[in-house]
There are 2 protein chains.
Amino acid sequence: MADQHKILLDESEMPTRWYNIVPDLPAPPPPPLHPGTLQPVGPDDLAPLFPMDLILQEVSGERYVDIPDEVQDVYRLWRPSPLYRARRLEQVLGTPARIYYKYEGVSPAGSHKPNTAVPQAYYNAKAGARKLTTETGAGQWGTALALACAMFGLECEVWQVAASYDQKPYRRMMIETFGATVHRSPSPLTAAGRAQLEKDPDHTGSLGIAISEAVEVAAQSEDVKYALGSVLNHVLLHQTIIGEEALLQLAKVGETPDLIVGCTGGGSNFAGLSFPFLREKLAGRIDPVIRAVEPASCPSLTHGVYAYDFGDTAGMTPLMKMHTLGHDFVPDPIHAGGLRYHGMSPLISHVYELGLMEAVAIGQRECFAAGVQFARAEGIVPAPEPTHALAETVREALRAKESGQETVILTALCGHGHLDLPAYEAFLSGRMTDEAVSEERFAAALATLPAVP
Amino acid sequence: MADQHKILLDESEMPTRWYNIVPDLPAPPPPPLHPGTLQPVGPDDLAPLFPMDLILQEVSGERYVDIPDEVQDVYRLWRPSPLYRARRLEQVLGTPARIYYKYEGVSPAGSHKPNTAVPQAYYNAKAGARKLTTETGAGQWGTALALACAMFGLECEVWQVAASYDQKPYRRMMIETFGATVHRSPSPLTAAGRAQLEKDPDHTGSLGIAISEAVEVAAQSEDVKYALGSVLNHVLLHQTIIGEEALLQLAKVGETPDLIVGCTGGGSNFAGLSFPFLREKLAGRIDPVIRAVEPASCPSLTHGVYAYDFGDTAGMTPLMKMHTLGHDFVPDPIHAGGLRYHGMSPLISHVYELGLMEAVAIGQRECFAAGVQFARAEGIVPAPEPTHALAETVREALRAKESGQETVILTALCGHGHLDLPAYEAFLSGRMTDEAVSEERFAAALATLPAVP
């Protein structure tokens, strides 16, 4: 249809396999290292935290992994997710570009996070776990895991970064509605939390600290496991269903993207959208530019170093080679809480080093301006995280307007902003700031990098 | 597919006409009366408030009204909306009943309200209006109208019931994100508001008072019009697209409903779902029971009288024959703000008097218990309003479990509860109450009914 907005797939068209990009890359990614021995970690090192099915996915060299029937059944509550042509935004911008966005806000938790929360809960339940612990920033991940645990009969305990816990109470309420327990992080419940509270009783928290707390609790009991919402290979793997669907949907309307743009915090949404397209690019079938957008206040790809670092603040995780600002870096409490992470997924970092993708950093006020423009044109209020991708989409659409090129842009609207409305209020009332991070602060955090020969 | 969750329609299958039940009823509904002359109001009496296209729809005797292309184009941002089979809820309840729900929370505003907000903004813009005024309770309607006005270039001014304005600030923020202005009602900006504030400076407001304020402002300027989110015939007309789609969707899976259940405040969601099925019932093609569910604290159908009354508190609207608790009745500040209206749509009241539907009233704690059960099984956190329909659905599913009958239940999940999470927190923490309304309070409000011979 000439004026079609949504490109839908039937449930029967939903992909039944996740895509693992590792075997298709020209070089293998560097392995994670044990922080004591500095030797590559093996499956057994990870067994206290994760069930073996997920560990095997983490190190898999297989190109495709079948999605279990039980996971597919839950996916079908909202999947396949719609691909939209942003016709009304194109009109407002007066651009000849054709803008498509894959909308993951249709999931029950309101973001792409259930794509991995559901299989993580499934594999843990199958392996006999009783409870999962996790961290959450803005709360998208905590909500997703709480829901997935409710569906597979697991208890769920969530450490939420204090800044978000205080600023956005609705997220906590939603997590509790799904039956999980939420703690403000840093909390007095863990050694990692107490250490931070001793330094600063009013600590606003960080993802790195919340991870330390959740990992600490999981490591203490056999039947309590830990779940991570981004960064790791198996998380990125689960998210590839986004890009696999988008490939089918664009094919339905005969389009090939010139540019794929997504926001990056830990990187799972970005990888989920772009890796299936990167497979096609590596095979020479398409040639899109693939571009990550990160917040100017937490720019791990564009301002960090590529080095071995811890995934958490207390130094309890394996060492991962990634673009990092230093595990001690505590980002400003910007509104896109899901992007406030000191590092970048090792797999994305590797892809970036291989020159297969680009990255830019944008300040939050430009992002929210794009978010408001998008909301008034397309109707959907975006989460703060994908406003970063929208800001770059708007920049590119305006470049297309100047050049007259009919650029085809594909982006991921990875969540709605219903529970982030105080951020919009701050923006609309002029209270939102864009403070530059000083070079001294970056340098101080990088000085804490562990020494790896 | 045997385990299908969603029954989707393509954009090309979206109905292109609204359905007007009036010509199909065995008797015509009583006309609205001018409060001064007690004579039926004519189109000219309504012209200060509404554009002529909507007035003609209000009094139309045509069975079908074409949906303008411009309205269809906006509808397609989210329509056709999905029909879900609640398989996971059925499993949790252990019922042989098959439960279907039509989900309107996929709209940008998160409820069914844009179905009428969009055409109302369109017809007003077409007629040269500059601004629309309106009231809102929980905020669903205000959000929908703000969005529709943004899309058709109109200003929008919203009076929000004070209880909701204070309890649920996220709704105001969302309305403002779409570019509209929100006032706490009663406000000092109108004579109607000032009169209430003089009586009680801490007044928690009501829909009736907020309507008075919005009508007062609209009546003062030629290019400012008023928009109502429920109750009136043209609003119910626009909502029939819900039921028309559901008919197509159930036909796709070969199902015929035994019971249709929806929540009722002003009645637009209930009529939207049920009237197209009632047409089929009146024609003898199906025979479902059609049942409205209202809150025990505001039970206009089950506890009100069928009489001429004002639509607002200040007595500025025409007199409408409807089930009413008296226009002076201020419902308790229950969490389903969208159901806190003293009257019931005249058209639904007439259908009820004709014996074509049933009604029950349920207290809010039972409703929220059903809402939490639904959220944990199906993933979607329902708005407080449709938890009333869910509570009755659960009752009926458990009856089916006892009798062993494979009852087919169709209900409307008319909105999500993302912006109503404080209500869930109140329920989960045990702070939610179910106070019975005293007979004295009902009697006092009914004593204010206007005398109509």
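Filter the range B:416-453 down to residues that are away from chain A (no Cβ under 14 Å) and among the acidic types (Asp, Glu) and give me whichever is nearest to B:Asn269 (Cα to Cα).
B:Asp434
Could you look through the range A:163-183, keep only residues that are hydrophobic (A, V, I, L, M, F, W, C) and either in a helix (DSSP H, G or I) or without any contact (Cβ under 8 Å) to a residue 12 or more places away in the chain (or both), and pick out the one that is nearest to A:Ala117 (Cα to Cα)?
A:Ile175
Here are some conditions: (1) buried (at least 24 other Cβ atoms within 10 Å of the Cβ); (2) touching a Ser or Thr at 6+ places or on another chain (Cβ under 6 Å); (3) not aromatic (Phe, Trp, Tyr). A:Val215 meets all but one. Which one does it not meet?
For A:Val215, the exception is condition (2).
Could you tell me how many of the residues in the range A:303-337 are in a strand (DSSP E or B) and touching a His at 6+ places or on another chain (Cβ under 8 Å)?
Of the residues in that region, 7 qualify.
Step by step: first the residues of the range B:255-302, then only those that are among the charged types (D, E, K, R), touching a Leu at 6+ places or on another chain (Cβ under 8 Å) and not in a helix (DSSP H, G or I), then the one that is nearest to B:Leu228 (Cα to Cα). Which residue is that?
Per the criteria, the residue is B:Glu294.
Cβ-Cβ under 7 Å, sequence separation 6+ or interchain: first residue in the range A:67-88 and more than 10 Å from chain B (Cβ to nearest Cβ), partner small (Gly, Ala, Ser) and assigned to a helix (DSSP H, G or I). Which pairs?
A:Leu83/A:Ala246
What number of residues within the range B:1-51 satisfy the criterion of being within 14 Å of another protein chain (Cβ to nearest Cβ), in contact (Cβ under 8 Å) with a residue 12 or more places away in the chain and either in a loop (DSSP other than H, G, I, E, B) or open to solvent by 60 Å² or more (accessible area, probe 1.4 Å) (or both)?
Going through the range B:1-51 one residue at a time, the tally reaches 9.
Those residues that are charged (D, E, K, R) and closer than 30 Å to B:Leu89 by Cβ, I need them from the range A:150-199; list them, please.
A:Glu155, A:Glu157, A:Lys168, A:Arg171, A:Arg172, A:Glu176
Among the residues of the range A:111-154, which ones are on the phi > 0 side of the Ramachandran plot and at pLDDT below 95?
Of everything in the range A:111-154, just one residue is on the phi > 0 side of the Ramachandran plot and at pLDDT below 95, namely A:Gly139.
Which of the following residues is at pLDDT 95 or above and assigned by TED's automatic domain parsing to the domain that holds A:Val158: A:Ala227, A:Ala251?
A:Ala227 is the lone residue from the list that is at pLDDT 95 or above and assigned by TED's automatic domain parsing to the domain that holds A:Val158.
Applying the selection to the range B:355-399, what residues are within 13 Å of B:Leu259 (Cβ to Cβ) and either acidic (Asp, Glu) or not in a helix (DSSP H, G or I) (or both)?
Once the filter is applied, which keeps residues that are within 13 Å of B:Leu259 (Cβ to Cβ) and either acidic (Asp, Glu) or not in a helix (DSSP H, G or I) (or both), the range B:355-399 yields B:Met357, B:Glu358, B:Val360, B:Glu392, B:Glu396.
Starting from residues that are away from every other protein chain (no Cβ under 12 Å) and open to solvent by less than 20 Å² (accessible area, probe 1.4 Å), keep the ones in the range A:171-203 and report whichever is farthest from the chain's Cα centre (by Cα).
The selected residue is A:Thr190.
Tell me, yes or no, whether the range B:82-93 has at least one residue that is part of a loop (DSSP other than H, G, I, E, B), outside the structural domain of B:Ala121 (by TED's automatic domain parsing), modelled with pLDDT of 95 or more and surrounded by fewer than 20 Cβ atoms within 10 Å (Cβ to Cβ).
no
With respect to B:Gly110, is the statement that it is farther than 21 Å from B:Val330 by Cβ, crowded, with 24+ Cβ neighbours inside 10 Å and within 13 Å of chain A (Cβ to nearest Cβ) true?
yes
Do we find that A:Glu396 is touching a residue at least 24 places away in the same chain (Cβ under 8 Å) and open to solvent by 40 Å² or more (accessible area, probe 1.4 Å) in this structure?
For A:Glu396, the condition - touching a residue at least 24 places away in the same chain (Cβ under 8 Å) and open to solvent by 40 Å² or more (accessible area, probe 1.4 Å) - is not met.
Looking at the range A:342-363, is at least one residue over 30 Å from A:Arg279 (Cβ atoms) and touching a residue at least 40 places away in the same chain (Cβ under 8 Å)?
yes
Of all residues in the range B:52-71, which are open to solvent by less than 30 Å² (accessible area, probe 1.4 Å) and assigned to a strand (DSSP E or B)?
B:Val65
Only one of B:Ala129, B:Ala97 is of a type in the set (A, V, I, L, M), open to solvent by 10 Å² or more (accessible area, probe 1.4 Å) and away from chain A (no Cβ under 14 Å); which?
So the residue among B:Ala129, B:Ala97 that is of a type in the set (A, V, I, L, M), open to solvent by 10 Å² or more (accessible area, probe 1.4 Å) and away from chain A (no Cβ under 14 Å) is B:Ala129.
The values are calculated or read from the model by the stated rules, or taken from the named source; none is laboratory data. A quick note: this is a predicted structure, and the numbers were derived from the prediction, not measured. Cβ atoms come from the backbone with ideal geometry, glycine included; neighbour counts cover every protein chain shown. Accessible surface is based on the protein model in full, side chains and every heavy atom, while ligands, DNA and RNA are left aside. Shrake-Rupley method; radii C 1.70, N 1.55, O 1.52, S 1.80 Å.
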